[in-house]
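The values are calculated or read from the model by the stated rules, or taken from the named source; none is laboratory data. In this text the structure is predicted, and so the values were computed from the model without any measurement. Positions of Cβ are generated from backbone atoms using ideal geometry, with glycine treated the same way; all protein chains shown enter the neighbour counts. The accessibility values were calculated without ligands, DNA or RNA, using every heavy atom of the protein model including side chains. Shrake-Rupley method; radii C 1.70, N 1.55, O 1.52, S 1.80 Å.
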Amino acid sequence: MPEDAGVNGLAPRARVREMQTKLHRWAAADSGRRFDDLYNLVCDPAFLQIAWERVAGNNGARTAGVDRYTVHTVTEQIGVTAFLTDLRHQLRQRTYRPLPVRERMIPKYGGKLRKLGIPTVADRVVQAALKLVLEPIFEADFAPVSYGFRPRRRAHDAIAEIHFYGTLGYRQVLDADIEACFDSISHAALMDRVRLRVTDKRVLALVKAFLKAGVMTSCVNRSPPCSPRWVYACPRTRPGWWTCGKGSTSSASTSPGCANEERISGSSTRSSRTNRSAR
């Protein structure tokens, strides 16, 4: 694959669909194939454009991350073209750093609450671009009876499958759930599974960076958003912008013009569940 895949004259949607079809075909043809040089696709303007469209069209577009920027704010104050150009530059220069997710408690069935991690818009776009590249590869490995979080599949399809087997004489259904799955999943085991299909160290490092990004657990000063230049340049080019160990908390440093002070949890999981805006 060339250094810069580019759009090659195709509309972004056609370009992405073409590459996804190829990736899925190659993965399905060889279950042991491991993919390298995928990072250039993550940085591809077409993939970033489609990723932006998915994030902007999601219900979570009106929700801000720790930088207080929504899709509307980015569109009005920065501009989509400038935003994606800067994001692509950071990815290509390897200066991009995911910010911690903003933690929010939402109601759960039975009166309980569960944690929801809300990434920044920029992080959602990169996550969506990653998903566009990795999903066709790992889709080839899923069993036909797997319905969770897969394209063109949903829980209703699983229920329909249960009804079908009921017509064949089956009378028992086992309903099981992994308690706090997203809280306790092993990052090492997860990365090992990803490495079975992906050898591009840049992609692996990006996935790991999201896993280790941390969580903003509370807000001390709800001041207006930082300037776009600070939000999208300084923190992402300064790995030491915030530091904390596993299971600890610390205060984020501030900059001139940035009075936001948050508490950051550097636990082993980014959140019990991240906002699926990227989906």
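Using a simple spin-label model with points 7 Å from Cα along the Cα→Cβ vector, what separation in nm is obtained for Ser31 and Ala180?
Taking the simple label geometry, Ser31 and Ala180 are separated by 3.5 nm.
How many angstrom separate the Cα center of region 144-213 from the Cα center of region 78-133?
Measuring centre to centre over Cα atoms gives 21 Å.
In Å and on Cα atoms, what radius of gyration and Dmax does region 138-213 show?
Just the Cα atoms of region 138-213 yield Rg and Dmax of 16.8, 50 Å.
What accessible area per residue, rounded to a whole number of Å², is obtained for region 106-157 using a probe radius of 1.4 Å?
For region 106-157, the per-residue accessible area is 53 Å².
For a quick check: with amide H placed at 1.01 Å from N, whose amide H comes under 5 Å from Glu103's, ignoring anything fewer than 5 positions away on the same chain?
Here the answer is Ile118, Met216, since their amide H atoms fall under 5 Å of that of Glu103.
Mind checking which of Val74, Trp52, Ile106 is farthest towards the positive end of region 45-106's charge dipole, using Cβ charges of +1 (Lys, Arg) and -1 (Asp, Glu) about the Cα centre?
In region 45-106, that residue is Ile106.
So which lysines pass the test for Lys108, namely a Cα distance under 28 Å, with those fewer than 8 places away in the same chain ruled out?
Result set, ordered by chain and number: Lys131, Lys212, Lys246.
Normalise the Cα radius of gyration of region 10-163 by 2.2 N^0.38 Å (N = residues in it) and let me know the number. Don't skip to the answer; put the middle values down first.
On the way: Rg = 17.7 Å, N = 154, 2.2 N^0.38 = 14.9 Å.
Rounded to two decimals, the normalised Rg is 1.19.
May I ask you to give the average projected area over all directions of the convex hull of the Cα atoms of region 85-124, in nm² rounded to one decimal? Don't skip to the end; give the middle numbers.
Values: hull surface 13.2 nm².
So the Cα hull casts an average projection of 3.3 nm².
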